[in-house]
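The values are calculated or read from the model by the stated rules, or taken from the named source; none is laboratory data. These figures come from a predicted structure and were not determined experimentally. So basically every Cβ, Gly included, is an ideal-geometry build from the backbone, and we count neighbours across all protein chains shown. What goes into the accessible areas is simple: the full protein's heavy atoms, side chains included, and nothing from ligands, DNA or RNA. Shrake-Rupley method; radii C 1.70, N 1.55, O 1.52, S 1.80 Å.
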Amino acid sequence: MKKRPSRSYLLLSALLFFFFVTWSSSSSLLSIWLNQEVGLKTSETGIIFSVLSVSALFAQVCYGFIQDRLGLRKHLLWFITALLILSGPAYLLFSYLLSINILLGSAFGGLFIGLTFNGGIGVLESYTERVARQSTFEFGRARMWGSLGWAVATFFAGLLFNINPDLNFLVASCSGIIFFCLLLRLKVAAPASMEKLEIGAKKVSLTDALRLLTLPHFWALIFFVVGTCIYGVYDQQFPVYFSSQFPTLREGNAMFGYLNSFQVFLEAAGMFCAPWLVNRIGAKNGLIFAGMVMALRMIASGLVEGPLLISITKLLHAVELPILLVAIFKYNSLNFDKRLSSTIYLVGFACTSSIIGSVLSPLAGFSYEKFGFAQSYLIMGITVFCTTFISIFLLRSNQPSSEPSFLQQNAV
């Protein structure tokens, strides 16, 4: 007899859906908003994304360790909920501060977006993955609803932007209120006994987290992420490039909304299928495959011309991201202490992405102005290909780790 979806799965799926609705409504057209409404140049926008990455970096380091200490308790999620509700007013203040001083506005906007979205999504994803391991559902099947939330919001974002950009910020705050109502209803059954059964009663210590830095295969994972996280830099100002392919910016804004929405619907389907594929080919091969698709997407973006072909290359994101997310969690679970799942994901993946983003964002902005988008995308794609190819020899295969006992004390 087929099992009914668990209450935790349904609520966590809904939380991911509305988190991404809030994020997409406020940020999917961020580079277009900064360029067309606020009037910033691409190099100035790059500075904002750099500050955003730095703030996300500190948030991810702290969030990861705190969430591992909390286990299945929701204290950190409540803090992020408050930020989601305040996202609409925060963006309006962001715009006002940018009109006064670019550095002041960048500091505020980067800090808020980094704490709320770039750092907050890692907390919600790692929390969902922790519950999934202790329940009967695949993380990818729940994360799929996050992609659907982004797609739904993005479908309307371009239209609302052309009417009044502030409408998107209103939608973001309303979605945050729904997130609050859903989190109130989320009660993970018997968290203490479930955690004790899987990972033992010993709490995570700072020493445990710092000991990760002594593991060669942790640094091998970092090296892989250094290459693949370039996709975030690629995506930052892609809307500006895409909208420039059309006769008017208004038409380009609307078409990007449709493209991004379609891409994320495909991404949601990929999230549903990714666990099956990664389970068949293994976590390491899943990471390598995702990295190669990512390199192909960026290189192709630099070679093709016209909105149709550029759109096709953008849609490859719907292949790479689901496999990357599912594979990274499975790889971490196989090779590291499960007690540190949030720390490893937020530091090893999200935090590394923020570091690289903070360095590359202003360089990318400068490169777009000096060499153009196409040439810049070629450079990014070749870099991702090289780091992914080297990672074939650095990442570990799918056997469980043979590291000292603190890493595998929870192995079953």
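What to note about this one:
- For the chain, the relative contact order is 28 percent, taking Cα pairs closer than 8 Å that sit 6 or more residues apart in sequence and dividing their mean separation by the residue count.
- Neighbourhood charge, 14 Å Cβ-Cβ cut-off, centred on Val38 and excluding it, Lys, Arg +1 and Asp, Glu -1: -2
- Globularity index of the chain, i.e. its alpha-carbon radius of gyration over 2.2 N^0.38 Å: 0.94
- Measuring nothing but how far apart in sequence close Cα pairs (under 8 Å, 6+ apart) lie, relative to its length, segment 255-318 scores a relative contact order of 46 percent.
- Environment charge at His75 (Cβ cut-off 14 Å; Lys +1, Arg +1, Asp -1, Glu -1): +2
- Percent of alpha-carbon pairs separated by more than 22 Å within segment 7-201: 48
- The chain - percent of accessible surface contributed by carbon and sulfur, probe 1.4 Å: 71
- Helix-only arithmetic for the chain: the sum of -39500 (n - 2.57) across DSSP H runs with n ≥ 4, divided by the residue total, places the mean residue ellipticity at 222 nm at -25500 deg cm²/dmol.
- Under 12 Å, Cβ to Cβ, from Glu267 - net charge with Lys/Arg +1 and Asp/Glu -1: +1
- Relative contact order %, segment 204-397, counting alpha carbon pairs below 8 Å whose residues are six or more apart: 39
- For segment 204-397, average projected area of the Cα convex hull in nm²: 11.3
- A viscosity of 0.890 mPa s and a temperature of 25 °C, combined with the Kirkwood radius over Cα pairs in Stokes-Einstein, give a translational diffusion coefficient for segment 41-99 of 181 µm²/s.
- Largest first, the three principal axis extents of the alpha carbons in segment 62-152 are 52, 33, 18 Å in whole numbers.
- Solvent exposure of the chain as accessible area per residue, Å², 1.4 Å probe: 41
- Segment 210-316 - Debye-derived log10 I(q)/I(0), Cα point model, q = 0.10, 0.18, 0.19 Å⁻¹: -0.39, -0.99, -1.06
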